[in-house]
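Please treat every number below as a calculation from the coordinates, not as lab data. Only a predicted model underlies this, so the values are computations on that prediction, with no experimental measurement involved. For neighbour counting, all protein chains shown are included, and Cβ atoms are generated from backbone atoms with ideal geometry for every residue, glycine included.
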Amino acid sequence: MSKRDTWRKDVKPCDIEGEINSAAPGKLRVVSVSEVSRVFHPNFSAKWRRYLYIFPLNDQENEKQCCENEKEVESFSFARNCNEPSNKCVESSSSENVENLIIGNNKEFEAPNKPTCFSVCRVNQLLRHLEGKLLSYKMFARDTKASRNIGPPTECFMYHARAAEARIPCSVHEEGRKVMCVELVANRFLRKMVRVLVATSIREAAAGAEEDALLKLMEATCRRATAPPAPPDGLCLVDVGYTDFNPKNCLIP
């Protein structure tokens, strides 16, 4: 997303699109060009942002096909049909990644035996409790300015928060690499907030925390209560919206 100002009235949106597309064919392509007023700002005029985090999972044949606490929870598998509900939730073993996500520098929060498996369906349950609420996410932010550590600047409204298992094309795996996709849509995000939310939800899911665990962490007084940020490699800014949010356009139902 970018904004370019010009006083020339003979320049049309289609002219800009053609020039950019011809600059690097096959590498750079314009999705859309529209004319806006001079008061428009690409960042401050946005009503919502959509992030997708892709977390790799171990692909083992002997995985347990069940949900934590033996609860059957409706989930969606992209590998089959994203519109088809399934009552099976895959417990995915990701020992190396979960090990790094669990707090190790603070004895107060460190568990004696760190769990190495988590359920994607449990992560989805934890995240869904954030939807439709205006909450302060200061505990899930990192490296923020002092002015954004208290009060309204820390508040975000989460429109959509879901997790689901998927498979993406991979040359190593014939059936594709198994991953967990986390989709978050909010009016705004604090610094490193998405990565901390993903890491903390995985940690809490592995520990068998209650479904409102993320909401309870909002009341913490120290950011050590939440997990360190997940690696930036899997983070994608999918799109930015300038009209009202439509839940029908979500990637994960």
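Once amide H atoms are built 1.01 Å from N in the peptide plane, which residues 5 or more positions from D239, or in another chain, come under 5 Å H to H?
R50
Return the subset of K27/K47; K145/K192; K47/K145 for which the Cα-Cα distance in this structure is over 24 Å, preserving the input order.
Violating the 24 Å limit, Cα to Cα: K27/K47.
Using the Karplus curve 6.51 cos²θ - 1.76 cosθ + 1.60 with θ = phi - 60°, what ³J(HN,Hα) values do you get for each residue of region 124-138, in whole Hz, with x for Gly and Pro?
Residue by residue, region 124-138 yields 4, 4, 4, 5, 5, 5, 8, 5, x, 10, 9, 10, 8, 9, 4 Hz.
Under the rule of at least 5 residues apart or a separate chain, name every residue whose amide H is placed under 5 Å from the amide H of C170.
G176, R177
Explain nothing, just the number: dipole magnitude of region 126-223 about its Cα centre with +1 on each Lys and Arg Cβ and -1 on each Asp and Glu Cβ, in debye rounded to the nearest 20.
Details: 17 positive and 12 negative charges, 112 e Å.
About 540 debye.
Using unit Cβ charges (K, R positive; D, E negative) and no other charged atoms, how large, in debye to the nearest 20, is the dipole of region 167-253 about its Cα centre?
That gives a dipole near 380 debye.
Taking loop as defined by DSSP and a crowding limit of 13 other beta carbons within 10 Å, which GluC sites (Glu not before Pro) in region 118-183 fit?
Hits after loop and neighbour filter: E174, E175.
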